[in-house]
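See structure below.
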2 protein chains.
Amino acid sequence: MNVITTPALRQQVLDDLRRQLGPGAVLVGDDVPARNCNDWSPQAPRRPLAVVRPLDAAGVALTLKVCRSVGFPVVPQGGLTGLCGGATPEEGWVALSLERMSGIEEVDAASATMTVKAGTPLERVQDAADAAGFLFPLDLGSRGSCAIGGNLSTNAGGNRVIRYGMMRELVLGLEVVLPDGTIITNLNKLLKNNAGYDLKHLFIGSEGTLGIVTRVVLRLFPKPQCTMAALCKLADYDRVVALLAAARRGLGPLLSAFEVMWPDYWQVVTERAGVRSPVAPGDGLYVLVEAQGTDEAIDRPRFESWLEGLMEQELLVDAAVAQSLADIDAFWALRDACAEFPAVLGPHVSYDIGLAVGRMDDFARRCKAALEAAIPGCDSAYYGHIGDGNLHLVTWVPGLAAAAQPKPAMDAIIYGLVKELGGSISAEHGIGTLKKQWLGHARSEAEIALMRTLKAALDPSGLLNPGKVV
Amino acid sequence: MNVITTPALRQQVLDDLRRQLGPGAVLVGDDVPARNCNDWSPQAPRRPLAVVRPLDAAGVALTLKVCRSVGFPVVPQGGLTGLCGGATPEEGWVALSLERMSGIEEVDAASATMTVKAGTPLERVQDAADAAGFLFPLDLGSRGSCAIGGNLSTNAGGNRVIRYGMMRELVLGLEVVLPDGTIITNLNKLLKNNAGYDLKHLFIGSEGTLGIVTRVVLRLFPKPQCTMAALCKLADYDRVVALLAAARRGLGPLLSAFEVMWPDYWQVVTERAGVRSPVAPGDGLYVLVEAQGTDEAIDRPRFESWLEGLMEQELLVDAAVAQSLADIDAFWALRDACAEFPAVLGPHVSYDIGLAVGRMDDFARRCKAALEAAIPGCDSAYYGHIGDGNLHLVTWVPGLAAAAQPKPAMDAIIYGLVKELGGSISAEHGIGTLKKQWLGHARSEAEIALMRTLKAALDPSGLLNPGKVV
């Protein structure tokens, strides 16, 4: 490996790459777009040496080989909507953007699969599935911007994991370029395929540190024909756990969301953000239960009688059933109001943790008390995808600027409790650089050593997205 | 590494191990049980140097360290029901059996998980889930004998993959001992956990070549409250594909099995095995459709009206709907009659391949013709889990003994067609030793090289189940 240190030599290498990849493929200097200097995570942007935008796997392989030969670190970039710095470059790095590798290659209706290029925005995948009479169930707030390759590299989650699983469960095959430029093509469409190691799982959720995904075979699902939703109020968390069990039993595989909102979250959303509550005010925990069915005439009465049974058993303090799509939207507005927190709360810090379902409320109470005790004026609010073991929380000290929020002290309290309760420091957002120092709170030394063994085996020169995750 | 060559020194090492692991842990010579000399695959048994039966992960780690220090290859063994030689020892190897590591450690109802030791038989897991009010959906013919660790190591499938997924989708956490004796404990219960690489997927489906799984956290599901089934007859394969699409749309996530039987299979089962057909005789393809619901009063009429709609559309030539559990058993008897093939067909060869749904019938027709043309008198029959892309077939030349069946010629024709049609040489049984020579028909050189890179990274001394898979 020759490490290029002079500007003139660097320029020559990039000029050579531009000649081979064609016009528009290599951007340098002032041509580097601002968007390629950062992802959505809260950190200062950094301008890469160049942005390289190949058109296919061969172009990605060529870029990796050239960069490897001269010692340029490479960061893969999709829609750049990550929240942990996984796609952020450092100065002197090459940003390899998949933005020109976008499009649907095939819909195979018999296999219920879709083959897409990795740079395709999620929303375009959703729309193409819909047009073909199917559902692609992954859904995130950033659907218009995030790329399917980034969804795969971060193992994206979202609201309907309880029914359809994470991105990992939605991928059947992929094409990936290894750090040495080897192209691995396995566009498998089979649910069952035990011919040797299932290599795709190495690349799903490893945040672009082991290879660059260039094409993906996705699973498609039948379109639900109706959606039912209820907003429930319960007296305590034990009853929330009982409601989850009842939803699993009574709604079976139709259950598509189970979102819990703690009283502090509810207060922020209904009193400060002004979202209208469909249930009576007062203390309690709030749960949005959603089910998707195949026949409105059958599934709506079933949902309503299930809920009536729970009211008769006095499991619920109160409940509102959506009577229209507008009602469903209104219920989700309560849960989605967290997107308005920058305006409502001002500067705050967001967390995405994993905990066993039975430990959520214990965590929320202890965390709130510990933050209040250790950080004068610190407030916090709790909500999340409880059926998946995923709790979100936001913390803030009113009146402090973003840079002045005591994030290190908050991190220490929150991740300390996560460690004590055997949880995860990242349920769906990943590790990137921003959570790396806390990885040892969720994974053992032996696990982290094995991650490093894998990284060294696949990327011995350590030039693919170095310093991310491990 | 000292390679022990003299019998006296080998004996000393094993005596030391027996002292450390306790009485009953190390069996040698005539004490080696016959069952530990082979799995269920068709090959000659081989007696290992010793059978070691630790009680926990620490005992597994000690065994691996001792064997590594003296150069003994180690094969992990669970229920020994594999069909590809993955758990078969060679002479001079140590068989590390998990048979004394059996039992349910915990059922966590709130998280809907169960933590079990890896040597626990599948049926015991199913029964424990049932007793706790849940379903563990994996189900195989060998349920009474196979161990959950072996189900994990082979990524077992079975009949209800279309609804619940393979074993891979049913595992949330595991404890595994690496070839160097490092114990990795990640008994994760969360559906969402993106804190670093998801290491468990390395060990699922890698047939005990990368580590030995000692404990497993399994997902539990709500118990279905009712089961509906229909046996359908269709005029051609295009209609079978249309029926699958209609089942996905109309039954949604209730669809729990979609088993297709070709005319040659049907003829063997109804005419030679004498299983009663619930539909009229004559040419056609036969499909067993099963759905599981949450409420019999709602789901049974839904199933029946869905089927009536298909009859009105003339998609089906004929259909019988199960009116009782006995009827459901009778329908499954047609599909499960393949277990009687040794008695019905005499010596034959079984295959387990993966194909895109749209290519199944093309494969069946071409394969049958190619076998007949190349091998005088060769007959074959086709059936499988079509919704999962999994086709089974059996081939036989009537009157020839098992050893005289021209398996190499059959293999070449069948796996050649699999390669041409972009399928998999193993949908659910794995590779082991018996399918290893054909791995290149389903995976590229680059993929196999990456598998070898992983094997070398995790097992640099190459002593854990060497020569299996890659």
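Some notes on this structure:
- Around A:D295: net Lys/Arg minus Asp/Glu count, Cβ-Cβ under 12 Å: +1
- Sorted from closest to farthest, the other copies place their A:L187 label points 4.4 nm away, with each point set 7 Å from Cα along Cα→Cβ.
- Charged side chains reduced to their Cβ positions (Lys and Arg at +1, Asp and Glu at -1) give chain B a dipole of some 1420 debye around its Cα centre.
- Restriction of the GluC sites (Glu not before Pro) in the range B:1-99 to DSSP coil positions whose beta-carbon has at most 10 other beta-carbons within 10 angstrom yields B:E91.
- Cα gyration tensor shape for the range B:77-204, rounded if a/c is under 1.5, else prolate or oblate: oblate
- About its Cα centre, the dipole of the range B:104-222 is roughly 240 debye, where the only charges are +1 on Lys and Arg Cβ and -1 on Asp and Glu Cβ.
- Axis angle, to the nearest 10 degrees, between helix A:445-458 and the longest C-alpha principal axis of chain A: 40 degrees.
- Bridge orientation summary for the range B:7-100: considering DSSP beta bridges with both residues in this region, about 30 percent are antiparallel.
- Relative to its residue count, the range B:7-100 spans a Cα convex hull of 88 Å³ per residue.
- In terms of its C-alpha gyration tensor, the protein assembly as shown comes out rounded, because the ratio a/c of the largest to the smallest axis stays below 1.5.
- For B:A412 and A:A58, a Förster radius of 41 Å and the Cβ-Cβ distance give a FRET efficiency of 0.80, rounded to the nearest 0.05.
- Within the protein assembly as shown, antiparallel bridges make up roughly 85 percent of the DSSP beta bridges whose residues both belong there.
- If the segment from B:E90 to B:S69 were pulled out straight at 0.36 nm per residue, it would be longer than the present Cα-Cα gap by 5.7 nm.
- In degrees, nearest ten, helix B:360-374 long axis to first principal axis of chain B (Cα): 80
- Helix axis angle, A:325-336 relative to chain A longest principal axis, alpha carbon, degrees: 70
- Listing A:W40, B:W262 from fewest to most neighbouring C-beta atoms within 10 Å gives A:W40, B:W262.
- Position B:E106, label points 7 Å along Cα→Cβ, spacing to each other copy in nm (shortest first, one decimal): 4.5
- Added length on full extension, which subtracts the Cα-Cα distance from 0.36 nm per residue, B:S350 to B:A8: 118.8 nm
- Set of aspartates and glutamates near A:K419 by C-alpha distance (under 13 Å), chain-local residues within fewer than 8 positions excluded: A:D411
- Among the listed pairs B:K65/B:K117; A:K189/B:K468; A:K233/A:K368; A:K223/B:K117; A:K233/B:K223, those beyond 32 Å (Cα-Cα): A:K223/B:K117
- Within the protein assembly as shown, helix-based [θ] at 222 nm, where runs of 4 or more DSSP H residues each add -39,500 (n - 2.57), nearest 500: -9500 deg cm²/dmol
- For the residues of B:346-359, the average number of beta carbons from a partner chain within 10 Å of their own beta carbon is 3.
- Cβ crowding within 10 Å, taken as a proxy for footprinting-reagent exposure, orders B:S102, B:S424 from fewest neighbours to most as B:S102, B:S424.
- For the range B:237-277, backbone nitrogen atoms closer than 16 Å to the point 7 Å from B:E372 Cα along Cα-to-C-beta are found at B:262-268.
- Across the identical copies, the label point of A:A58 (7 Å from Cα in the Cβ direction) is separated from its matches by 5.9 nm, in order from shortest.
- Counting every pair of alpha carbons in the range B:373-470, the share spaced more than 21 Å apart comes to 46 percent.
- Modelled FRET efficiency - R0 56 Å, B:E445 with A:E314, Cβ distances, 0.05 increments: 0.30
- In sequence order, the range A:378-387 has phi-based couplings of 6, 10, 7, 9, 10, 6, x, 8, 5, x Hz under the Karplus curve 6.51 cos²θ - 1.76 cosθ + 1.60, θ = phi - 60°, and Gly or Pro positions carry x.
- Looking at the range B:328-390, none of the trypsin sites (Lys or Arg not before Pro) sits in a DSSP loop with at most 16 other Cβ atoms within 10 Å of its own Cβ.
- Using only side-chain charges placed at the Cβ, +1 for Lys and Arg and -1 for Asp and Glu, the dipole size of the range B:187-298 relative to its Cα centre rounds to 580 debye.
- Whole-Hz Karplus values for the range B:268-278 come out as 4, 6, 8, 8, 8, 7, x, 6, 6, 8, x Hz, taken residue by residue from phi with 6.51 cos²θ - 1.76 cosθ + 1.60 and θ = phi - 60°; glycine and proline positions read x.
- Going from the residue with the fewest nearby Cβ atoms within 10 Å to the one with the most, B:L17, A:L152 rank B:L17, A:L152.
- Cβ-Cβ FRET estimate between B:A401 and A:A131, R0 fixed at 60 Å, reported to 0.05: 0.60
- In sequence order, the range B:76-86 has phi-based couplings of x, 10, x, x, 6, 9, x, 10, 10, x, x Hz under the Karplus curve 6.51 cos²θ - 1.76 cosθ + 1.60, θ = phi - 60°, and Gly or Pro positions carry x.
- Positive end of the dipole of the range A:108-150 (Cβ unit charges, origin at the Cα centre): among A:I148, A:T113, A:A131, the Cα lying farthest that way belongs to A:I148.
- Mean separation of Cα contacts under 8 Å, 6 or more apart, over the residue count of chain B: relative contact order %: 14
FYI, it's all coordinate maths here, none of it is from the lab. Everything quoted here is computed from the prediction, not taken from an experiment. Backbone-built Cβ (ideal geometry, glycine too); neighbour counts: all protein chains shown.
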